[in-house]
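Peer 1: Quick one: this structure, given as structure tokens, is what I'll be asking you about.
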Amino acid sequence: MPTVVLILATLTSGLVAGVYAFYAHTVMPGLGRSGDRTFVAAFQALDRAIVNPWFLGTGFLGAPVLTGVAALLHLDEGARVVLVWIVVAFLLDLVTVGITVRVNVPANDRLKAAGNVDTIDLRAVRTEFDERRWVRWNLVRVVLSVGAFAALAWSLVLAGRLG
């Protein structure tokens, strides 16, 4: 069971890292090149779509929860070398969740709450969103989540050596 949970933690961690990376290298650069109307409408639609059980369960919350469970399942003395890397991943996941909750989600929520693109001041809404800040913090999320994924992948290697 510890190995299965560790595999699931690694998979969910990789999924969430992939989402953050996709936003960093494709979504935000693409939206950044668009006009205000397209930016606001597209980002509102994307944000409404990503808040769903699939993403929340298999990535955003699934990664830290499964990583925490994996840590608990590797507390025995013989697995300490594996536990260290799981804990590193868990801490990186927690920081990533903190950034998301404190920086990215509030900006997303302000943009969604602005209203219909036909009735709002698009330039003002886009300016208040603060793309540059959102993108910078998303890049931090990419680095941290890829680090968590790498730490979990390495913990799988170490667990395999112990097994």
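The values are calculated or read from the model by the stated rules, or taken from the named source; none is laboratory data. Since we're looking at a predicted model, the values are computed, not measured. Here Cβ is always computed from backbone atoms with ideal geometry, including for glycine, and neighbour counts include all displayed protein chains. When the accessible area is computed, the model is the full protein with side chains, heavy atoms only, and any ligands, DNA or RNA have been set aside. Shrake-Rupley method; radii C 1.70, N 1.55, O 1.52, S 1.80 Å.
Peer 1: Looking at the square roots a ≥ b ≥ c of the eigenvalues of the Cα gyration tensor of the stretch 1-55, which shape do they give, rounded for a/c under 1.5, prolate if a/b is larger than b/c, or oblate?
Peer 2: Since a/c reaches 1.5 but b/c is at least a/b, the shape of the stretch 1-55 is classed as oblate.
Peer 1: Do you know the relative contact order of the chain, to the nearest whole percent, from alpha carbon pairs under 8 angstrom that are 6+ apart?
Peer 2: 40
Peer 1: Could you order peptides 45-53, 138-146 by the average number of other Cβ atoms within 10 Å of their residues, highest first?
Peer 2: Answer by packing, highest mean first, reads 138-146, 45-53.
Peer 1: Could you work out which residue, out of Leu92, Leu75, Leu11, moves most in a Gaussian network model of the chain, that is, has the largest mean-square fluctuation with Cα springs under 10 Å?
Peer 2: Judging by the Gaussian network model, the answer is Leu75.
Peer 1: Still on this model: Report the extension gain between Asn116 and Val101 in nm, rounded to one decimal, defined as 0.36 nm multiplied by the number of residues separating them, less their alpha carbon distance.
Peer 2: The span from Asn116 to Val101 would gain 3.0 nm if fully extended.
Peer 1: Considering only protein heavy atoms, what per residue accessible area in square angstrom results for the stretch 34-163 with a 1.4 angstrom probe?
Peer 2: Normalised by residue count, the accessible surface of the stretch 34-163 is 53 Å².
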